[in-house]
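Everything on this sheet refers to the single structure shown next.
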Amino acid sequence: MKKVIQIMGIFIASLLFMLTAPSAPAQAAHNGYRIKVLKTYDSEASIANAYHAKPKTQAYVWSKYFGGSEDKNFNYKDFQKKLYKLSNYRSTTWFVQQKVRVYHHLKSGTYYYVTNFSRGRQGYVKASALQKGYSPYGYQILQKKYGTKNRGSFYIKNPSQNVYMWDWTHTKKRLNLKDYPGMTWNRAHIATVKHNGKISYYDYLGGYLRGNGKYISGYVYTGNLTEGTNPSHTGQNIVYPNEFLNSSNYLNYIQTGHYQKLAREIVKLFPNTPVDLGLSKIAAYNYASDDEGVLWYEDKNTVSTKGYTDIISLKSASNYLYKHKTASNTVKLAGVKSALDKAGYPASKRTALSGYKLGIYIVNNIPDKYGSIIQDGAYGHASVYALILGKNE
């Protein structure tokens, strides 16, 4: 009988241990909190894990421990700091990354680890403070389409109209495209946006602002854009060879560009030799005297000379220009004439040229902050000089 009682005692003790033991270990404690991950969600911002704040909620988004991140908002331990008051972000859609059970002393609760669209805001928030779906307020990005077919070049449809580039929340204007009528913008993706129950489409555009080197990007309403290369180059300090549509378009830039005064004077030295865009590309990529990196965006490899014959390099003239890039245009032009004379192309021969075309590309010591980083140290200017003659095959 005594043996039976002992066996029953052992059985009851084992049963009590099994009932009181936790089903799975929680994460290591930080600041007195223990966190047990219940579910991990797809990290992409999608409707499957989109939530927004419940009306009149008093909840906060609490800090998450990232193991020594340098960002002051993200180097606190779990639940050590209230980062954001949820009610201040009613137009924000939060995307759930994890569902967790949080234990602290004798209390526990269910929380979501969330992040906003740009991942600039993230942390733990009480699950009961959120409701499923995109926020009904503000502009909500429902979908982004990437891939080759969704890229391309675009420019403003109406240069006299105010067309703004917005941040992803559509609350901050990054710039007015009207102020850059000659820019060709590159599209990275297309966004489907919902606002006041209506669906519209925005292009995510980016580009370097010529002359100051600043890269800027943001969302622009698709209806305000035209696909293709901008035929206008108004206000552009530097325009690369592949941004011109044809020889006529390029010649118009030379005749009207603010920094093309020297180029205009050199063209006049060849009165019967028309400017040719294809030959000018060959001059720029195959024969230029230039700052290393000025044509970096264009992947400066030599280009094919197919379609042209009898190409004559006037490198002595372009070398002179580059060597004296800080001189006045008057000094430069005199030096070009002298170099051409020595190369066997005095004024009389240039006037008598027949059947030839002119390849010319001039970036004449133009202020360029981006160039100062990769070209001339702290000089802050860009220079490219290229001059050739050639015939069509």
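The values are calculated or read from the model by the stated rules, or taken from the named source; none is laboratory data. Here the structure is a predicted model, which is why all the values come from computation and not from measurement. Cβ coordinates were reconstructed from backbone atoms using ideal geometry, including for glycine residues, and neighbour counts include every protein chain displayed. Just the protein is used for accessible areas: all its heavy atoms, side chains included, with ligands, DNA and RNA removed. Shrake-Rupley method; radii C 1.70, N 1.55, O 1.52, S 1.80 Å.
Residues in segment 72-93 include none that are assigned to a strand (DSSP E or B), touching a helix residue (DSSP H, G or I) at 6+ places or on another chain (Cβ under 8 Å) and not small (Gly, Ala, Ser). When we screen THR234, THR226 for residues that are in a strand (DSSP E or B), open to solvent by 20 Å² or more (accessible area, probe 1.4 Å) and either closer than 22 Å to PRO159 by Cα or touching a residue at least 40 places away in the same chain (Cβ under 8 Å) (or both), the only hit is THR226. The condition of being among the charged types (D, E, K, R) and free of Cβ contacts under 8 Å to residues at least 40 places away in the same chain holds for ARG151. Based on this model, can you work out whether ASP78 counts as closer than 19 Å to GLY206 by Cα and open to solvent by less than 60 Å² (accessible area, probe 1.4 Å)? Answer is no for this residue. Just one of the listed residues (ILE199, ILE216) is open to solvent by 70 Å² or more (accessible area, probe 1.4 Å), out of contact with any Asp or Glu (no Cβ under 6 Å at 6 or more places or on another chain) and either outside any loop (DSSP other than H, G, I, E, B) or over 27 Å from ALA382 (Cβ atoms) (or both), and it is ILE199.
Can you tell me which residues in segment 299-322 are open to solvent by 40 Å² or more (accessible area, probe 1.4 Å) and among the β-branched types (Val, Ile, Thr)? THR302, VAL303, THR305, THR309, ILE311 - these are the residues of segment 299-322 that are open to solvent by 40 Å² or more (accessible area, probe 1.4 Å) and among the β-branched types (Val, Ile, Thr).
Of everything in segment 323-344 that is small (Gly, Ala, Ser) and not in a loop (DSSP other than H, G, I, E, B), the residue that is surrounded by the most Cβ atoms within 10 Å (Cβ to Cβ) is ALA339. Residues that are surrounded by 16 or more Cβ atoms within 10 Å (Cβ to Cβ), basic (Lys, Arg) and closer than 30 Å to ILE199 by Cβ within segment 91-139 comprise LYS99, ARG121, listed in sequence order. When segment 144-192 is filtered for residues that are part of a loop (DSSP other than H, G, I, E, B), within 15 Å of the chain's Cα centre (by Cα) and surrounded by fewer than 17 Cβ atoms within 10 Å (Cβ to Cβ), the ones remaining, listed by number, are TYR146, ARG151, ASP167. Applying the criterion of being of a type in the set (Gly, Ala, Ser) and either in a helix (DSSP H, G or I) or without any contact (Cβ under 8 Å) to a residue 24 or more places away in the chain (or both) to the residues of segment 345-361, the residue that is surrounded by the most Cβ atoms within 10 Å (Cβ to Cβ) is ALA347. Taking the criterion of being over 12 Å from LYS332 (Cβ atoms) and not aromatic (Phe, Trp, Tyr), the residues of segment 253-268 that qualify are ILE254, GLN255, THR256, GLY257, HIS258, GLN260, ARG264, VAL267, LYS268.
Taking the residues in segment 46-74 that are at pLDDT below 85 and within 15 Å of ARG121 (Cβ to Cβ) as candidates, determine which candidate is most open to solvent (accessible area, probe 1.4 Å). Only one residue tops the list, namely LYS72.
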